[in-house]
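To start, the structure itself, in structure tokens.
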Amino acid sequence: MTDIDGLSARTMSEIRRIERTRTYLEPGQTVAAVRLWKEHVRLPKRQLWLDWEWGDELHWDCYGNPFHARDLLEDMVNALPARSAVELRRLVERLDALAGRQDVPRRVPPAVPPWSVR
């Protein structure tokens, strides 16, 4: 199994432990999510905007949805112990900075639910 560049052996060990113990995860899924998100944020800005607006479901069905990968990374940060979470969060924030604000999925619900707007 490969490691994620920039993360300590301790953090990788914690990630592997969580992947083994959570029924919704598979071994290596976090490494794959980092790779997919890293590839996505390094696309030209125009392509990032098109992906955000329209998606690329045909490509994503074959190779994985980068927004789902980003969500998995957020879930993993929340599941890790504090020290390991800080390491992974730092890596994810660096990748998010490459994408820019418009491409990072919002995990906070809107202040006013859409169904109550008239």
Check your understanding: What pairs can you find where one residue is in the range 8-27 and more than 15 Å from ALA82 (Cα to Cα), the other is of a type in the set (Val, Ile, Thr), and their Cβ atoms are less than 8 Å apart, with a gap of 6+ or different chains?
Key -> GLU19/THR30; LEU25/ILE18
Check your understanding: Which number in (1) surrounded by 13 or more Cβ atoms within 10 Å (Cβ to Cβ); (2) not in a helix (DSSP H, G or I) marks the one condition that THR23 misses?
Key -> (1)
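Inside the range 72-118, can you point out the residues that are of a type in the set (D, E, K, R), at pLDDT below 90 and surrounded by fewer than 19 Cβ atoms within 10 Å (Cβ to Cβ)? If you could, list the steps in order and put the result at the bottom.
Filtering the range 72-118 for residues of a type in the set (D, E, K, R) gives 74-75, 83, 87, 89-90, 93-94, 96, 101, 103, 106-107, 118.
Among the residues that remain, those that are also at pLDDT below 90 are: 96, 101, 103, 106-107, 118.
Those that are of a type in the set (D, E, K, R), at pLDDT below 90 and surrounded by fewer than 19 Cβ atoms within 10 Å (Cβ to Cβ): ASP96, ARG101, ARG106, ARG107, ARG118.
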Point to revise | Of residues in the range 1-20 being β-branched (Val, Ile, Thr) and in a loop (DSSP other than H, G, I, E, B), the one surrounded by the most Cβ atoms within 10 Å (Cβ to Cβ) | key: ILE4
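The values are calculated or read from the model by the stated rules, or taken from the named source; none is laboratory data. These numbers come from a predicted model, not from an experiment. Quick reminder, even Gly has a Cβ in these numbers, built from the backbone with ideal geometry, and neighbours come from all protein chains shown.
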